[in-house]
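Structure record follows, encoded as structure tokens.
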């Protein structure tokens, strides 16, 4: 199993290394420091193809080539500040996609989800995860959009999620998923652990706690 994760998340990487191979994501000087290790700013999977920002770090592009993983480049480069950091930060599955007015045209033209929701928040993947049939989000606008299509969405206040150099991170950035397993950057003592555990139990998912303390926003855990 191959993981891509924030180059600064040492304690999380240590535990992931016990499970599979880990590749650092490092976009220092491309985007502002708080998100310089966040892969969800540069890459989004639609169907079976990853769409990458044209200025995605070479180490990640080379990794995908090495593993023979399908990818294409989007139209626009990610820039240093928001909203040009939100071009590839969307949510998408076969049934539902959540996008914004900032989403790259390459993403919009490739989405074939049955329902497409447009929200004001640019950082969609940062704020959102779907676990089975239930969503969890740290953005009220996204929750409202999901509620509007009669899907279950749990809102959490993100104020306890750690992210260096800013007030707090977001819940989507603390989670990775593969098959029936959910990976979470917090510990069992995290403020968010009980809710996540309950969701996982109701959706027949296993949760792995990777952290030592409170949850850390690492821009999501990409699992190839």
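The numbers here are math on the coordinates, done by the rules we state, and not lab data. This one's a predicted model, so the numbers in the text were calculated from it and none came from an experiment. Methodologically, a virtual Cβ is constructed for each residue, glycine included, from the backbone with ideal geometry; neighbour enumeration extends over all protein chains shown.
Side notes on the structure shown:
- Equivalent-ellipsoid semi-axes for the stretch 1-95 (Cα gyration tensor, √(5λ), whole Å, largest first): 20, 18, 12.
- Zone residues, the stretch 82-109, relative to residue 115, backbone N less than 18 Å from point 7 Å out along Cα-to-Cβ: 91-100
- In plain terms, the residue of 31, 166 with the fewest other Cβ atoms within 10 Å comes first and the most crowded comes last, giving 166, 31.
- Note: relative contact order over the chain, using C-alpha pairs below 8 Å and six or more positions apart, is 19 percent.
- Taking the fewest neighbouring Cβ atoms within 10 Å as the starting point, the ordered list for 162, 212, 10 is 10, 212, 162.
- Antiparallel %, DSSP beta bridges [both residues in the stretch 2-223], to 5: 40 percent
- Global size of the stretch 8-56: 12.5, 32 Å for Rg and Dmax (C-alpha atoms, Rg to one decimal, Dmax whole).
- Cα→Cβ-extended label distance, 7 Å offset, between residue 19 and residue 165, nm: 2.7 nm
- Zero-based 5 Å bins, Cα pair distances in the stretch 128-224, whole percents: 3, 15, 25, 26, 19, 9, 2, 0
- Cα-only radius of gyration and Dmax that characterise the chain, units Å: 15.9, 42
- Spherically averaged projected area of the stretch 73-173 from its Cα convex hull (nm²): 6.6 nm²
- Net length gained if the chain between residue 203 and residue 188 were fully extended (0.36 nm per residue, minus Cα distance): 3.5 nm
- Distance from the stretch 132-172 to the stretch 201-224 (C-alpha centre basis), Å: 14 Å
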